[in-house]
1. Taking every DSSP beta bridge that has both residues in segment 63-157, what percent is antiparallel when rounded to the nearest 5?
2. With a 10 Å Cβ neighbour count serving as the proxy for reagent exposure, in which order, fewest first, do 122, 81, 109 appear?
3. Along its three principal axes, how long is the chain when you only count alpha carbons? Whole Å, largest extent first please.
4. Would you please put 93-104, 68-79 in order of how densely packed they are, using the mean number of other Cβ atoms within 10 angstrom per residue and starting with the highest?
5. If you restrict to DSSP beta bridges whose two residues both lie in segment 2-153, what percentage is antiparallel, to the nearest 5?
6. For segment 109-156, take N as its residue count and report Rg(C-alpha) divided by 2.2 N^0.38 Å.
7. I need the fraction of alpha carbon pairs in segment 42-118 separated by more than 22 Å, rounded to a whole percent.
8. Using packing as a proxy for protection, rank 38-50, 132-144 so that the peptide with the highest average count of other Cβ atoms within 10 Å comes first.
Ligand SMILES: Nc1ncnc2c1ncn2[C@@H]1O[C@H](COP(=O)(O)OP(=O)(O)OP(=O)(O)O)[C@@H](O)[C@H]1O
Ligand SMILES: [Mg+2]
């Protein structure tokens, strides 16, 4: 895993900027994206903004209670997981399913993937979001795998 860049958002507009650049970068190929950060850091907010830039028409909501939401109205299929309620044992039971969602040409976001204390068997992007104050957030972008390293290196920030 390699850290590719850090982006500091002073407010939601800044987050929207990096979400747009991210959307442009993944629009063609798709990506598997794990989002890390405390409750209220902005994992769902970032996902919503990226989805809006990919022309998703449906309302994007937190999948905390349903585990997965899917949005098929945009430029590519978007799958949004929230594993918070699964705990470790539960996450192990969906590892094969997660692997399926790492296929090309779909965009998958996973909140609370840290319940998996084992390595996922495929490449991915990791975004760590840190709460600084009410409106300010720090985003660290990491790549697992060369293709994602290249993709992240191409993002204007
Ligand atoms: N710069 C910013 N970037 C992202 N979110 C921001 C920013 N400033 C304020 N916010 C607000 O912070 C909140 C983040 O909540 P969000 O639901 O996205 O958190 P989360 O990380 O998904 O939490 P959970 O672990 O509960 O799912 C939103 O209300 C959002 O509007
Ligand atoms: Mg969330």
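All of the numbers you see were taken from the coordinates with simple rules; none came from a lab. Quick caveat, the model's predicted, so the values are computed rather than measured. All Cβ positions, even for glycine, are placed from backbone atoms using ideal geometry, and neighbour counts span all protein chains on display.
1. Working: 12 of 17 bridges.
Once the DSSP bridges in segment 63-157 are tallied, antiparallel ones form about 70 percent.
2. If I rank by nearby Cβ atoms, fewest first, I get 122, 81, 109.
3. Dimensions of the chain along the principal axes of its Cα atoms: 38, 34, 33 Å.
4. Working: 93-104: 13.9, 68-79: 17.4.
So the order, starting with the most tightly packed, is 68-79, 93-104.
5. Working: 19 of 33 bridges.
Percentage antiparallel, nearest 5: 60.
6. Details: Rg = 12.7 Å, N = 48, 2.2 N^0.38 = 9.6 Å.
Normalised Rg, Cα atoms only: 1.33.
7. Values: 610 of 2926 pairs.
Across segment 42-118, Cα pairs with separations above 22 Å total 21 percent.
8. Values: 38-50: 19.4, 132-144: 16.2.
In descending order of packing, they fall as 38-50, 132-144.
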